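This report concerns only the one structure given below.
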């Protein structure tokens with residue numbers, strides 16, 4: 001069969017963002033599974049098969065967000081215009097920190113910080129956009145070492161300037177209507193329309209008989 005002709009698999013693991021050129025980690029496998037010890041940075045995984053004739057096209061997978069509930073450190077952000085001063089208190093003094101920041105997987109930036117002081121200034125923050133900021137610690141600071149040696153210290157989210165949401169909830173439906181109650185449901189506002197951290201929702205309804213408006217937050 002075709003599977004019997006397969007000699008093995010190539011797995012390329014590339015960090016996103018990656019300021020180091022040609023630093024993807026290529027792994028040769030016979031099995032169809034692999035355990036990766038990664039930080040909470042974004043990673044692109046390319047998988048291909050090979051046989052005596054050559055290599056197949058690659059299948060690409062972006063590792064999704066991890067839960068950040070049990071990280072060892074906290075990150076604090078103070079905005080100064082379009083800049084943001086990021087500070088943290090290290091548990092120990094690694095050889096370097098790696099700072100990632102951006103608004104999405106496609107818009108992440110990376111900076112290697114070799115000073116022992118836990119602070120760094122990020123620039124060009126745009127208003128009303130949610131930024132994800134991650135700080136990783138590593139005892140090996142060469143480009144090819146981050147995939148295997150960095151550990152995430154902390155993750156936070158921040159706006160440089162907050163504004164009013166650009167859109168309201170959608171798909172509003174009223175269910176389970178009785179003489180005294182009704183269940184109102186809606187779809188939450190999309191992240192790109194929030195323009196800031198949402199504090200809650202305000203529901204306004206009217207008693208059609210008494211012509212009286214009522215509200216609930």
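Exactly one residue out of 118, 123, 163 is under 23 Å from the mean Cα position of the chain (by Cα), in contact (Cβ under 8 Å) with a residue 24 or more places away in the chain and not assigned by TED's automatic domain parsing to the domain that holds residue 96, and it is 163. Among the residues making up region 19-39, those that are modelled with pLDDT under 85 and surrounded by 13 or more Cβ atoms within 10 Å (Cβ to Cβ) are 19, 20, 23, 24, 25.
Of 113, 135, 85, 99, all but one fail to be outside the structural domain of residue 194 (by TED's automatic domain parsing) and touching a residue at least 60 places away in the same chain (Cβ under 8 Å); the exception is 135. Of all the criteria given as (1) outside the structural domain of residue 88 (by TED's automatic domain parsing); (2) assigned to a strand (DSSP E or B); (3) under 30 Å from residue 112 (Cβ atoms), the one not satisfied by residue 153 is (1). On inspection, residue 42 passes the criterion of being modelled with pLDDT of 85 or more and under 19 Å from residue 137 (Cα atoms).
If we keep just the residues of region 61-88 that are modelled with pLDDT of 85 or more, in a loop (DSSP other than H, G, I, E, B) and more than 15 Å from the chain's Cα centre (by Cα), which is surrounded by the fewest Cβ atoms within 10 Å (Cβ to Cβ)? Top of the filtered list is 81.
Summed over region 113-144, residues that are in contact with a strand residue (DSSP E or B) (Cβ under 7 Å, 6 or more places away or on another chain) and either part of a loop (DSSP other than H, G, I, E, B) or surrounded by 15 or more Cβ atoms within 10 Å (Cβ to Cβ) (or both) total 17. Being within 15 Å of residue 10 (Cα to Cα), under 20 Å from the mean Cα position of the chain (by Cα) and either surrounded by 14 or more Cβ atoms within 10 Å (Cβ to Cβ) or not assigned by TED's automatic domain parsing to the domain that holds residue 147 (or both) is a property that residue 45 has. Within the set 192, 162, the sole residue that is in a helix (DSSP H, G or I) and surrounded by 11 or more Cβ atoms within 10 Å (Cβ to Cβ) turns out to be 192.
For (1) within 31 Å of the chain's Cα centre (by Cα); (2) modelled with pLDDT of 90 or more, each residue gets a yes or a no:
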position: 157; (1), (2): yes, yes
position: 170; (1), (2): yes, yes
position: 185; (1), (2): yes, yes
position: 204; (1), (2): no, no
position: 212; (1), (2): no, no
position: 217; (1), (2): yes, no
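Scanning region 89-102 for residues that are in contact with a strand residue (DSSP E or B) (Cβ under 6 Å, 6 or more places away or on another chain) and either surrounded by fewer than 19 Cβ atoms within 10 Å (Cβ to Cβ) or part of a strand (DSSP E or B) (or both) returns 96, 97, 98, 99, 100, 101, 102.
The values are calculated or read from the model by the stated rules, or taken from the named source; none is laboratory data. Not measured: the values here are computed from a predicted model. Note that each Cβ is placed from the backbone with ideal geometry, even for glycine, and that neighbours are counted across all protein chains shown.
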